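A quick write-up on the structure given underneath.
The values are calculated or read from the model by the stated rules, or taken from the named source; none is laboratory data. Just so we're clear, the structure is a prediction, and the values are computed from it rather than from any experiment. Virtual Cβ from ideal backbone geometry, glycine too; neighbours counted across all protein chains shown. Protein only, heavy atoms only, side chains kept; ligands, DNA and RNA dropped before computing areas. Shrake-Rupley method; radii C 1.70, N 1.55, O 1.52, S 1.80 Å.
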Amino acid sequence: MSAPTRLPPGPRPALLNTLGLVERPVQALNKWRRRYGNVFSAPMLVFGMGVYVAEPESIREMFTGDQSDLRAGEANEPLSPMLGDRSVLILDGPEHMRQRKLLLPPFGGANVAAFREVIREAAELEVASWRNGERIIVRERMRALTFEVIVRAVFGVTERERIDRLRDALVAVIDTQIAFIVPQALRRELGGRGPWGAFQARKRIADELIYEEIARRRDAADLDERDDVLSLLLRARDEDGRAMTDAELRDELVTMLLAGHETTATGLAFAFDLLPRDPAVLGRLRDELGSGDDSYLDAVVTETLRLRPVIDAAERTLTEPRTIAGWHLPAGIRVYPAIALVHWREDLYPEPQRFRPERFLDDGAESYTWLPFGGGIRRCIGAALAQAEMAEVIRTVVGSVDLELERPAREPVVMRGITMVPRYGTPAVVRRRPVRAGTAGEAASATA
Ligand code: HEM
């Protein structure tokens, strides 16, 4: 007979937990950890019983050891109408590994260096469009910018008119996500009326454009020289020598767009909620950029993602009973490798709520105590791209403007979908900085 299963103690009931997590995730998570320790159970509405694990060693075991009884794709299943059923986010087991192995190489070091060029161009255009004295919602501007970067670097589309067409069609699909709360039985097209019908109609338009881009790229004379992700995927072969099908390519392109643009935009919005409030950090950043050294810039990115990790926890469904962090847990529950709680442990990061990039200058980040991109066999495929993007955008913005934040204190953090975001999107007034020789542009090209 197998050993009896047990749940660690934790907060109840599900309704209060869910409200706490959605409206005040930083306070709720910290309160639960203070009260119950690094491993606790917390039932949630819709998702049922879950166990948060804020122990780096146990998280490492979950991310790198045997995962046959830890399903990640299942937790993402609600996104399948948008992503398609061949998406790396939805698949588990060998099918997941096949897609993942195809997707990883285009995001390697040499390519990310080429993406920096694309990012800088897009960032400079975006920041140049801000007028002196204009009020902007930083997260919205960053969303437009990160979208542009994905369409250029991942889809490889560079013609203005095509970018705009794709953007309009894809944003329309993303904005009808509300359709996902329509229960399965009511998912009828109704001639394009109702939320489900509208979603399907918009998706067809976007898919047509994506398939058109795939076909054009297949035929492109310069396909072999191109380094955008779609072109690399078209040239990729799996272990059996098979190429990706158009349907697989479509699903992975939409997945990368969805997984990669709002997350990065939110990370940037948090960076700009933190930086201007800390003149010493901002001053040092500008000094070091002026002298052509990027280490402090990288530390600013690392510390932003530690303090404001965007994704509070990874999510796995247990298909069999399994012992995690000393608890023999029952099948059917969710386990949350608690990214944010590890980042906020005072024994790992003294004064955890302080924004202090210096903490990463000497030691760098240890892999299972710094987890904004998860880890192991489901680690974020776009991690290097996202970090390069955050660094280049921060470089461009702090080199050209001062952002006068509207709110007197750090933005409250709320949960929207599966991400933690600044509640008000970081409203700020733009103050252009006088152009000085040796600032952003020159420093940027010196380090390219
Ligand atoms: C700051 C920005 C980003 C954050 C915080 C972030 C975070 C994450 C996290 C935590 C995971 C792991 C989830 C898990 O273990 O279940 C993940 C997976 C993933 N991310 Fe990101 N991500 C970011 C940007 C991007 C970008 C730019 C792309 C692509 C262009 C991307 C594509 C993906 C994909 C495809 C996966 C699934 C990997 C798999 O299941 O094997 N992400 N991301």
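Multiplying the residue separation of Ala113 and Arg35 by 0.36 nm and removing their Cα-Cα distance gives an extension gain of 23.6 nm. Full extension of the chain segment joining Asp287 with Ile174 gains 36.7 nm, where the gain is 0.36 nm per residue of separation less the Cα-Cα distance. Using the Cβ of Ser2 as centre and a radius below 15 Å, the other residues enclosed give a net charge of 0, where K and R count +1 and D and E count -1.
All other residues whose Cβ lies under 15 angstrom from that of Pro321 are scored, Lys and Arg at +1 and Asp and Glu at -1, for a net of +2. Segment Thr419..Thr5, full-extension length gain: 146.0 nm, with 0.36 nm per residue of separation and the alpha-carbon distance subtracted. Over the chain, DSSP H runs of length four or greater, each weighted -39,500 (n - 2.57), average out per residue to a 222 nm ellipticity of -15000 deg cm²/dmol. Three semi-axes describe the equivalent ellipsoid of the chain; taken as square roots of 5 times the Cα gyration tensor eigenvalues and ordered largest first, they are 33, 30, 22 Å.
Rounded to the nearest 20, the Cβ-based charge dipole of the chain about its Cα centre (Lys and Arg +1, Asp and Glu -1) stands at 1540 debye. Between Glu366 and Glu189, the FRET efficiency from the beta-carbon distance, with R0 = 41 Å, is close to 0.20.
Within the accessible area of region 284-332, the carbon and sulfur atoms contribute 46%, probe 1.4 Å, all protein chains present. Spin-label model, Glu351/Val22: points 7 Å from Cα along the beta carbon direction are separated by 3.6 nm. For the chain, averaging the sequence separation of C-alpha pairs within contact (under 8 Å, six or more residues apart) and dividing by the residue count gives a relative contact order of 26 percent. Taking the dipole about the Cα centre of the chain, with the C-beta of Lys and Arg at +1 and of Asp and Glu at -1, give me whichever of Gly417, Asn17, Leu29 is farthest to the positive side. About the Cα centre, the residue reaching furthest to the positive side is Asn17. Its residue count N fixes a reference of 2.2 N^0.38 Å for region 319-448, and the Cα radius of gyration divided by that reference is 1.40. Each Lys or Arg adds one and each Asp or Glu subtracts one; over the other residues with Cβ under 10 Å from the Cβ of Arg226, this totals -3.
Per residue, region 295-448 exposes an accessible area of 39 Å² to a 1.4 Å probe, with every protein chain left in place. Distance distribution note for region 194-249: the fraction of Cα pairs above 19 angstrom is 41%.
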